[in-house]
Every structure is written in C-alpha cells, then in structure tokens.
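Let me begin by presenting the structure, written as structure tokens, before commenting on it.
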Amino acid sequence: MLRKTFWGTAALASLVLAAPSVAQTIGFSQIGSESGWRAAETTLTHQQAEERGIDLKFADAQQKQENQIKALRSFIAQGVDAILLAPVVATGWDAVLEEAKEAEIPVVLLDRTVDAPEDLYLTAVTSDLVHEGAVAGQWLAKAVGDEPCNVVELQGTTGSSPAIDRKAGFEQGIAGHDNIKIIRSQTGDFTRTKGKEVMESFLKAEDGGKNICALYAHNDDMAVGAIQAIKEAGLKPGDDILVVSIDAVPDIFKSMAEGEANATVELTPNMAGPAFDALAAYMKDGTVPPKWIQTESKLYTQEDDPMAIYEQKKGLGY
C-alpha cells in the first residue's frame, strides 16, 4: 500500500523513489445525484478510473455531510492511496481531513471547495464559481439593457461553495446596473423538484409572476423545474420571464431550443480527469500540483444551435 505525504518536503523526498506511477485504489465521496450534472460527473469519474486501471471505491452521500465524513473515515480505514471529495458544504471538514493527513492519504477536492487550511488537501479541481455567476449576470445586464428588471434567484444548497460563489458572482455581474434588482432569493437545493416548488412560491408572491423579469438559477436542474412552474402559471418562460442558469446539462439545451430558457454557463463534468492526472504526477515523482486546477467555463445562448449541443451531450451520463 502506497504511503506518501504532501505536508513535509523531507518526508516526501524519502518516498518518491518508492512511489508507483499511479494510485491503484482511490476513494470517491460523491455528494449524491441531485442533478443531471452530478450524475454525469459520477459517470465520467468511473470511466476515467476504468481507463487508467484505478480501483475506485465509490460512496454516495445522498446530500448529507455526515455520510461523507463516514465515507472518508471508511476510506482511511481501508488504506486507500488517495481520496476524491466533492464536498456537500464548505465547512466542517477539518477533523476528518486531519485524519487523512495523519494517515498520509492525499485528498483532492472535486468541483467544490472547503473552508479548511490548504495543507489538509492536495489540490482542488473546480471551475471559477464566482466567474460563472458573473458571466450569468453580465449576460442578463446586456439582455435587458436599461429596462427595469426584477430578478428572482434560486440558490443552491445552503452553505455550499457553488451557492455562495455563484450568488456573489451574479451580484458582481449586475453591479452598476441599478435597473436590475434581486427581489427574492431562496434555496432550491440544486433539485428540479425544489426548484419548481420555490418558483411557484415566487410566482404567487409576485402577482402571478407579473412583477418578475428574470430568473437566475444556480444550476440548470432548478431552472428546468422553475420553467415548468412558469408554464403552469400561464406565462411563457424565456419570454415573459427570462431564464439564465449554470451547468449546461442536456435538458437545458432542449429548453433553449424550445425558447423556454435563454442562457446557461457551462460547468464541465469531467473533474476526475485533471484530478487523476495530478495524482499520477504526484505519485510518480512527487510533483505537487497547484492548489487550484481551474476548468473551463463557457456561455451558451439560443444562438448556439442548442439542439445540436443537446445531441452532443445527451450520451455523456447526464
């Protein structure tokens, strides 16, 4: 069983020569399957592991941090070579990450970050979540121009880094545009069902939706649920209420093709590829990756042939 540390240069140097070129057993603590994007990330992580000959120990936390902490402790007890963690929330990880550190098991964060000392994890593979939100806000500012625009916001899971950062980014994106105001903001927990439920409450509170200019959703799944609520309220999503969201999952492109959504910012589900590359280099010769490995984001609108993009994405495990 491989034992390496990324906390001490001398200890690292003493182990480099004995380290294999890749980790053979890696634990993966996944948040759950709250969205199509999450399902795609899980599928691609399994595919990447299989292609590289990695024995992937998978644990589905069902959106509960306590389940993730139990999974990490199980991985540590099993003596895995490394751990991938997609953290459900940002706080409360210090103790279990300290345990991984003491066991000399490197931890790589996937698609979300944690509020913990940087020496407790090897690297984080994420997009720039603030940038994603800013791109969404900038798109809306351009789309509405100087017209007054009341925005309702569907936030992600309370306390999660995407919810925190995508909110902050959107506010940056609309800064200086006093005609755009966020009038209601509530968590939809990244799910379609909750997104629909919360949007229904927004519509009822705002004169059946007549006071709402746009919806900003922290992910596409909540947006898809909200689109259904808007239609059931007798309004036309994408026209009566503009819809901008984040992730670029296949179903949002179907909605865009039907004129029911306006824009989405892509979050690639292939976080595992860069993570496995970083671990392979680290375990081969001790190459320490940067603390943040940033993935690419891209804005898509109705002008980008959404049905063609849907066809490209639908087989990726969403």
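The values are calculated or read from the model by the stated rules, or taken from the named source; none is laboratory data. Being a predicted model, the structure only gives us computed values, none of them experimental. For neighbour counting, all protein chains shown are included, and Cβ atoms are generated from backbone atoms with ideal geometry for every residue, glycine included.
The table below lists the values:
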quantity	calculated
Count - residues of the range 186-208 that are over 24 Å from Thr268 (Cα atoms), not in a loop (DSSP other than H, G, I, E, B) and not aromatic (Phe, Trp, Tyr)	12
Residue check for Ala308: under 25 Å from Ile54 (Cα atoms), part of a helix (DSSP H, G or I) and free of Cβ contacts under 8 Å to residues at least 24 places away in the same chain	no
Glu132 surrounded by fewer than 23 Cβ atoms within 10 Å (Cβ to Cβ) and not aliphatic (A, V, I, L, M)	no
Residue that is surrounded by the fewest Cβ atoms within 10 Å (Cβ to Cβ) [pool: residues in the range 209-242 that are in a helix (DSSP H, G or I) and in contact with a strand residue (DSSP E or B) (Cβ under 7 Å, 6 or more places away or on another chain)]	Lys231
Wholly enclosed strands (runs of 3 or more DSSP E) of the range 259-304 bearing at least 2 residues buried (at least 20 other Cβ atoms within 10 Å of the Cβ)	263-266
Val96 vs. criteria part of a loop (DSSP other than H, G, I, E, B) and surrounded by 17 or more Cβ atoms within 10 Å (Cβ to Cβ)	no
Some residue of the range 109-130 being in a helix (DSSP H, G or I) and either closer than 24 Å to Glu266 by Cβ or in the same structural domain as Val224 (by TED's automatic domain parsing) (or both)	yes
The range 136-181: number of residues that are under 18 Å from Gly238 (Cα atoms) and either in contact with an Asp or Glu (Cβ under 9 Å, 6 or more places away or on another chain) or surrounded by 15 or more Cβ atoms within 10 Å (Cβ to Cβ) (or both)	15
Selection count where residues are among the hydrophobic types (A, V, I, L, M, F, W, C) and within 19 Å of the chain's Cα centre (by Cα), scope the range 139-194	6
Qualifying residue in the range 17-29 (condition: within 20 Å of Lys194 (Cβ to Cβ), at pLDDT 95 or above, within 18 Å of the chain's Cα centre (by Cα) and not aliphatic (A, V, I, L, M))	no
Condition broken by Trp37, with the remaining ones in (1) under 29 Å from Gly225 (Cβ atoms); (2) surrounded by fewer than 16 Cβ atoms within 10 Å (Cβ to Cβ); (3) modelled with pLDDT under 95 satisfied	(2)
Pairs with Cβ under 8 Å, 6+ apart, first in the range 210-229 and in contact (Cβ under 8 Å) with a residue 40 or more places away in the chain, second of a type in the set (Lys, Arg)	His218/Arg166; His218/Lys167; Asp221/Arg192; Met222/Arg192; Met222/Lys194; Ala226/Lys196
Odd one out for Val107, checked against (1) modelled with pLDDT under 95; (2) under 21 Å from the mean Cα position of the chain (by Cα)	(1)
Hits in the range 132-179 - residues which are basic (Lys, Arg) and without any contact (Cβ under 8 Å) to a residue 60 or more places away in the chain	Lys142, Lys167
Of all residues in the range 243-254 being among the hydrophobic types (A, V, I, L, M, F, W, C) and in a helix (DSSP H, G or I), the one that is nearest to the chain's Cα centre (by Cα)	Ile252
Subset of the range 136-177 (residues that are part of a loop (DSSP other than H, G, I, E, B) and either of a type in the set (Lys, Arg) or under 17 Å from Ser297 (Cβ atoms) (or both))	Gly156
